[in-house]
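Any read-out appearing in this document is the output of simple, stated calculations on the displayed coordinates, not a laboratory observation. Note that the coordinates shown come from a computational prediction; the quantities given were computed from them, not determined experimentally. When we count neighbours, we look across all protein chains shown, and the Cβ atoms used for this are built from the backbone with ideal geometry, even at glycine.
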Amino acid sequence: MRQVYVAITLIVTLLVAFDGYVRVDVVTKAAAELKNWGIILSAFALGLAALGLFTLHLGRISRRTPEWPYSAALLFGLVWFAGAGTFIGTTSPGYVFYYRNLLQPIGNAVFSLLMFYIVTAAFRSFTINKWQSATILITAAFIMLGSVPVGEVIWKGIPEISGWILRVPNTAGQRGIIIGSAIGGVAAALRTALGLERMRG
Amino acid sequence: MVIKERILSLGLVAFMVAAMLYGLWRVKNGARAPAIRKIPALEALSEMIGRATEMGRPVHFTAGTGRLVDQNAPIMLASLDVLGKSAELCARYGSRLLVTASDPVYHAMCVDAVKTSFASSGDAEGFRSEDVRFLSDTQFAYAAGAIGLIEREKVAANVVVGSYGAEGLLLAEAGANAGAVQLAGTINMNILPFFVVACDYTLLGEEIYAAGAYLSGDGPRVSMLAAQDYAKVAVILAIVLGVVTFSVGSRAITNILDTFGK
């Protein structure tokens, strides 16, 4: 049975990969079709995952666990958005109102937590107890001061040092990691396509 | 037929396939698999889970909000190896493992990876399907759910390996607030610096792709890592050659790259 899975994986991968390298109508059409299948499979998986979520939180409500009100709120949101999206449409005022006035502001609120988390992460890492922490602190100080007008007022060399750090060591380090990651990604994809990785799912 | 601008890329892929098959052939014919350098982050995994077991608190695993049907697929698949090993260690030590997923397809694969690892460790009954949770496919809804879980369950080890956007730092800081030892890894250059400062151990880019072979110690898989290194050597040689030829006034390499490698 494993050979069948490997053969299907190999054929699908080759078709989709070749679509990026050759201009042949049959390959392009087949690849587009396969990508559509991927979307359909994702939709089914989403349905199953939502069912799992529903069962988990329904169980919590029925058992009256300490977090049951949150589970009730989650189920209400799930049922409301799924129902409204299916029966009255995602462009209907009833759906759009909740999307704009509930979902988006909550998302923005979670996103805004990032600012506080950046400060707490920086506070921990800027505690000088190792030479690496000292390097991060000094580098960050130059970059921050180099990005604001007051840096140039303190010393004219600050923006130049800041620019050099970003252009030379930072870019070199990033490119090294990017090239390594890209090659690693291709290798991982090839191992999967050739059936050399563990089959899951 | 073949797109001219992608010939170099196709050549590199063909070279990697050949190198991989050669490595595999060598190991299957009795040659010893190449040695891999120590990766401290992966070495620490066992210690992290052991600590969580001693504290009687759970371990949390997340691969972020990447999808299996886009360009993040390789990193998401690679993260499953780290999940598999984490689950195996949790089963062996008797620790609870919480997994949160944002991609429904990935969630299904997580269930399989955890279930298989528990079964292969002789603790099939220890697997609890409700501990492998799909939270949401929306970025910040997922982050809010995962942060809540990390804080409520007071996780003692937080494994954050996969594909992340802004939620990466939210998850790492939630772990730090809960007092968890953290292992993080991603290929996203915008998030990697945050992981380096916020977490105890970090997997940098390609180290994640090596994790499966490293953790399993499986000869054929380790041998295939060498193919990656051959490809890297080829790219480094091309860079050095390009710098040297450009420095002496020749545009030969840049012309080749412009024509066949855009």
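Here the range B:198-262 is described by how far its Cα atoms reach on the three principal axes: 48, 35, 20 Å, from widest to narrowest. Taking B:A108, B:A176, B:A238 in turn, the Gaussian network model of chain B (Cα-Cα springs below 10 Å) assigns the largest fluctuation to B:A238. For the range B:65-101 versus the range B:243-262, the inter-centroid distance based on Cα atoms is 42 Å. Comparing mean-square fluctuations of B:V243, B:V222, B:V27 from a GNM of chain B with C-alpha springs under 10 Å, the top value falls on B:V243.
Close amide H partners of A:G195, meaning residues 5 or more places away or on another chain with modelled amide H under 5 Å apart, do not exist here. Here the range B:40-216 is described by how far its Cα atoms reach on the three principal axes: 39, 32, 31 Å, from widest to narrowest.
Note on the range B:1-48: the C-alpha convex hull projects to 6.3 nm² when averaged across all orientations.
Of the DSSP H helices in chain B, those that are both long (alpha-carbon extent of 20 Å or more along the helix axis) and hydrophobic (Kyte-Doolittle mean at least -0.5) are B:7-28, B:40-55, B:73-93, B:104-120, B:139-153, B:219-247. Estimated from helical segments only, the mean residue ellipticity of chain B at 222 nm is -20000 deg cm²/dmol, where each DSSP H run of four or more residues counts as -39500 (n - 2.57). Checking the cross-link pairs B:K38/B:K262; A:K130/A:K156; B:K38/B:K85; B:K232/B:K262 against a 25 Å limit on the alpha carbon distance flags B:K38/B:K262; A:K130/A:K156 as lying beyond it. Taking the Kirkwood radius as Rh and the Cα radius of gyration as Rg, the range A:37-94 has a ratio of Rg/Rh equal to 1.08. Diagonalising the gyration tensor over the Cα atoms of the range A:1-87 and scaling each eigenvalue by 5 before taking the square root yields semi-axes of 42, 17, 9 Å, largest first.
For the range A:43-201, taking Cα atoms only, Rg and Dmax work out to 25.0, 67 Å respectively. Among residues other than B:A41 with Cβ under 9 Å from its Cβ, the summed charge is -3 (Lys and Arg +1, Asp and Glu -1).
Between amide H atoms placed 1.01 Å from N, distances below 5 Å from B:F134 occur with B:A101, all of them 5 or more places distant or on a separate chain. Scanning chain A for DSSP H helices at least 30 Å long along the axis (C-alpha atoms) with a Kyte-Doolittle mean no lower than -1.0 picks out A:25-63, A:104-125, A:171-193. Could you tell me which trypsin sites (Lys or Arg not before Pro) in the range B:6-61 are loop residues by DSSP with no more than 14 other beta carbons within 10 angstrom of their beta carbon? Here the trypsin sites (Lys or Arg not before Pro) that fit, given the DSSP loop and packing criteria, are B:R32, B:R37, B:K38.
Using the rule -39500 (n - 2.57) for each DSSP H run of four or more residues, divided by the residues of chain A, the 222 nm mean residue ellipticity is -26500 deg cm²/dmol.
Translational diffusion coefficient, Stokes-Einstein: compute it for the protein assembly as shown using the Kirkwood radius over C-alpha pairs as Rh, at 4 °C and 1.567 mPa s, and state it as an integer in µm² s⁻¹.
Approximately 53 µm²/s, per Stokes-Einstein.
Across the range B:190-200, computed HN-Hα scalar couplings (Karplus, 6.51 cos²θ - 1.76 cosθ + 1.60, θ = phi - 60°) run 6, 9, 3, x, 5, 5, 4, 7, 8, 10, 6 Hz from first to last residue, x flagging Gly and Pro. Shielding value for A:165-178 is 2, the average number of Cβ atoms from other chains within 10 Å of each residue's Cβ. Annotation: amide H-H contacts under 5 Å for B:F61 (H modelled 1.01 Å from N, sequence separation of 5 or more, or interchain): B:L98, B:V99, B:T100, B:V159.
Each distinct pair of alpha carbons in the range B:164-220 adds a 1/r term; the inverse of their mean, the Kirkwood radius, is 12.0 Å. Between beta-carbons, use under 15 Å as the cut-off and find the net charge around B:G179, counting Lys and Arg +1, Asp and Glu -1. That works out to 0.
Sparsely packed loop sites in the range A:1-59 (the trypsin sites (Lys or Arg not before Pro) outside DSSP H, G, I, E and B with at most 13 other Cβ atoms within 10 Å) comprise A:R23.
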